[in-house]
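Trainee: Okay, handing you the structure first.
Quick note: the coordinates plus some simple rules give every number you see, no bench work behind them. Since this is a predicted model, take the numbers as computed values, not measurements. Here the Cβ positions follow ideal geometry from the backbone for every residue, glycine too, while neighbour counts run over all protein chains shown.
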Ligand code: DX5
Ligand code: ZN
């Protein structure tokens, strides 16, 4: 599967979000990773549906991958569907009825993603493999950008890859958290095909200095 690079808006300068998103898309990003945090499911607060609506109104119609770190989740699924994201990914711990939430995403014409936190066991995949189009492996604990990559994520990637390869439809494998030019190659070798690049990933400013790792990330993935 062709690799997809999805920079996270969490690392962006929000006073210039439209410009930042355009810059990473021009640098070669394939999709924008939209980290939504509610200060309830995770101990941080980020953006809501209005911000994606604004980007769409500004003519940014590129693929967006909405990562919902919120609880309860269903109402926000509905609101984000209005902005036609490519994917909406949810944490199984954030809904009482995961099968229904995943069906709601697909009914809204987005692809459904299931997010596995570092401590979430792979068994959550067992009953919903035919309801998902992407598995997101969290290689940090959700809630913040700029954290360090959890090395055991590599074996988790390989284990999930062997499960999703048995499905009768395409399921992408995304890695999210602490991805840098120095470890993205190992993540790809372990089976990831979709990469969230946050801090130090893809031009987003870090402490006000422009960090341009796009060429290194592209090179690491031979794209
Ligand atoms: C963390 C988010 C990640 C994070 C990635 O909860 O889901 O997408 O923003 O940022 P880095 O790549 O800096 O870890
Ligand atoms: Zn994320």
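Trainee: Computed over the Cα atoms, what is the radius of gyration of the range 144-203 divided by 2.2 N^0.38 Å, N being its residue count?
Mentor: Against the empirical 2.2 N^0.38 Å value, I get 1.15 for the range 144-203.
Trainee: Ratio of Rg to Rh for the chain, alpha carbon only, Kirkwood? Don't jump to the answer; show the numbers that get you there.
Mentor: Numbers: Rg = 15.9 Å, Rh = 17.2 Å.
Ratio of gyration radius to Kirkwood radius: 0.93.
Trainee: Taking each pair of distinct Cα atoms in the range 39-157 once, what is the resulting Kirkwood hydrodynamic radius in Å? Each step should come with its number before you reach the end.
Mentor: Numbers: mean 1/r = 0.0671 Å⁻¹.
Averaging 1/r across every pair of different Cα atoms and inverting gives 14.9 Å.
Trainee: Listing 94, 162 from the residue with the fewest other Cβ atoms within 10 Å to the one with the most, what is the order? List each step's numbers first, then the result.
Mentor: Values: 94 21, 162 11.
Going from least to most buried by this count: 162, 94.
Trainee: What's the extension gain from residue 223 to residue 158 if we count 0.36 nm per residue and subtract their Cα-Cα distance? Please list the in-between numbers first.
Mentor: Details: separation 65, 0.36 × 65 = 23.40 nm, distance 2.19 nm.
Between residue 223 and residue 158, full extension yields an extra 21.2 nm.
Trainee: Right, next: State, in angstrom, two size descriptors of the range 1-87 derived from its alpha carbons: Rg to one decimal place and Dmax to the nearest whole number.
Mentor: 12.6, 35
Trainee: Where both residues lie in the range 12-92, what percent of DSSP beta bridges are antiparallel, nearest 5?
Mentor: On the way: 1 of 11 bridges.
Rounded to the nearest five, the antiparallel share is 10 percent.
Trainee: Turning to a different aspect of this structure: Which whole-number percentage describes the relative contact order of the range 6-154, with Cα contacts under 8 Å and a sequence gap of 6 or more? Could the numbers behind the result be given before it?
Mentor: Working: 245 pairs, mean separation 26.4, N = 149.
Once normalised by length, the contact order is 18 percent.
Trainee: To continue, here is another question. With a 10 Å Cβ neighbour count serving as the proxy for reagent exposure, in which order, fewest first, do 95, 213 appear? Working shown, then result.
Mentor: Details: 95 20, 213 23.
Result, fewest neighbours first: 95, 213.
Trainee: Rounded, prolate or oblate: which one fits the range 89-172, using the alpha carbon gyration tensor with axes a ≥ b ≥ c (rounded when a/c is under 1.5, else prolate when a/b beats b/c, else oblate)? Write down the numbers at each step before the final one.
Mentor: Working: a/c = 1.93, a/b = 1.34, b/c = 1.43.
Taking the square roots of the gyration eigenvalues as a ≥ b ≥ c, the range 89-172 is oblate.
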